[in-house]
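Worksheet for the structure shown next.
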Amino acid sequence: MTDVSDVNVGIIRFPGTNCDRDIEYAVNLVGANANYIYWNETDLSKMDVVIIPGGFSYGDYLRAGSIAGITPIINSIKEFANDNNPVLGICNGAQILGEIDLVPGVFIENENAKFICESKKLKINTTRTPFTKLYKKGEVIDLPIAHKEGRYYTENLEELYDDDQIVLTFEDGNPNGSLDAITGVCNKEGNVVAVMPHPERAVEELLRSKDGLKFFESFLD
Amino acid sequence: MNYNVEVKTSLKKGMLNPEASTIEKALALLNFEVKDTNTINIIQFTLNAENKDDAYAQVDEMCQKLLCNPVIHDYEINISEE
């Protein structure tokens, strides 16, 4: 593997993205290069990893993630993903990946219609993705969630089990009413991962938990 | 020809609608007992098209590509001449 300082991470910015700098911080912490890429750009040729941050792109109008899903950068992200490169969507980024069908299912309004912002125990269900390979299968980690549209829904639940596409599940209860408490999924190949919890907000002790750090260390491994 | 277009989008039947159930519970607080509460989004615009069929085809494509998510939504298109 090349030196980690040669690894380029593209952090996608839409109008309304607001977790971009937290991700830059986490990427710097593991020693990789953070590069901001805007919604109207199309060149990902120098990137090794793409991360779509959380926030409220386009004001969450129509549906969370829907308008971001038709911007010029999206076609490049689809090509990048189809070439088996690692793509991670966090929170609004996960909603966008659901909208553009890079992962199965969608994240819709929470069962109780409330914005939930708290730390949650989560189970790592698969370690075959580029963002979870340093965890242990079945390991329980502590990450914050912060969303109002995080209820996972799919019409093809069985396929997710058959193809090992469930990445994260809530360990204690099911705060937003997600199907089978699922809060992170990946595509069939495993290179595209969508998670509602925020690993970038749990990367050092000062933040109460550093359980999210391995999401960023994993793609360097 | 200009057409007035109205697109109604709603969650598919049987899908949990938290906004609707919150409204229903709030109405109950005011002593209004209602049931089967639903919420529908309406999007209106004017569209120039060759004819009504062409207008319908364009709006249907808009629904498929952006206005709805076919996993969770049903939609209804109404088109009238301006």
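Bear in mind that the values in this text are calculations on the coordinates, not laboratory data. This structure is a prediction, so every number in the text was calculated from the model and none was measured. Quick reminder, even Gly has a Cβ in these numbers, built from the backbone with ideal geometry, and neighbours come from all protein chains shown.
Hey, does region A:18-31 have a residue that's out of contact with any strand residue (DSSP E or B) (no Cβ under 8 Å at 6 or more places or on another chain) and within 12 Å of chain B (Cβ to nearest Cβ)?
Pass one, region A:18-31, residues out of contact with any strand residue (DSSP E or B) (no Cβ under 8 Å at 6 or more places or on another chain): A:21-22, A:25-26, A:30-31.
In the following step, the residues that additionally are within 12 Å of chain B (Cβ to nearest Cβ) were identified as none.
No: zero hits.
Given the conditions (1) free of Cβ contacts under 8 Å to residues at least 60 places away in the same chain; (2) more than 19 Å from B:MET15 (Cβ to Cβ); (3) of a type in the set (Asp, Glu), which single one is not true for A:ASP142?
(1)
Residue by residue through region A:80-94, note down the ones that are closer than 19 Å to A:VAL7 by Cα and touching a residue at least 24 places away in the same chain (Cβ under 8 Å).
A:PHE80, A:ALA81, A:ASN84, A:ASN85, A:PRO86, A:VAL87, A:LEU88, A:GLY89
Looking at region A:189-199, can you tell me whether even one residue there is without any contact (Cβ under 8 Å) to a residue 12 or more places away in the chain, buried (at least 16 other Cβ atoms within 10 Å of the Cβ) and under 17 Å from the mean Cα position of the chain (by Cα)?
Checked against the condition, which is being without any contact (Cβ under 8 Å) to a residue 12 or more places away in the chain, buried (at least 16 other Cβ atoms within 10 Å of the Cβ) and under 17 Å from the mean Cα position of the chain (by Cα), region A:189-199 yields no hits at all.
Could you check A:ILE96 against (1) among the hydrophobic types (A, V, I, L, M, F, W, C); (2) within 11 Å of chain B (Cβ to nearest Cβ); (3) not in a loop (DSSP other than H, G, I, E, B) and say which number it fails?
Answer for A:ILE96: the failing condition is (2).
Of everything in region A:69-93, what is away from chain B (no Cβ under 14 Å), out of contact with any Asp or Glu (no Cβ under 9 Å at 6 or more places or on another chain) and in a loop (DSSP other than H, G, I, E, B)? Give them in sequence order.
A:ASP83, A:CYS91
Table: residues versus (1) within 14 Å of chain B (Cβ to nearest Cβ); (2) among the small types (Gly, Ala, Ser); (3) in contact with a Cys (Cβ under 9 Å, 6 or more places away or on another chain).
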| residue | (1), (2), (3) |
| --- | --- |
| A:ARG128 | no, no, yes |
| A:HIS147 | yes, no, yes |
| A:ASP164 | no, no, yes |
| A:GLU189 | no, no, no |
| A:GLU205 | no, no, no |
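Scan region B:1-24 for residues that are under 18 Å from B:GLU61 (Cβ atoms) and either within 9 Å of chain A (Cβ to nearest Cβ) or over 18 Å from the mean Cα position of the chain (by Cα) (or both) and jot them down.
Of everything in region B:1-24, just one residue is under 18 Å from B:GLU61 (Cβ atoms) and either within 9 Å of chain A (Cβ to nearest Cβ) or over 18 Å from the mean Cα position of the chain (by Cα) (or both), namely B:THR9.
Could you tell me how many of the residues in region A:34-61 are of a type outside the set (Asp, Glu), within 14 Å of chain B (Cβ to nearest Cβ) and out of contact with any helix residue (DSSP H, G or I) (no Cβ under 7 Å at 6 or more places or on another chain)?
The qualifying residues number 1.
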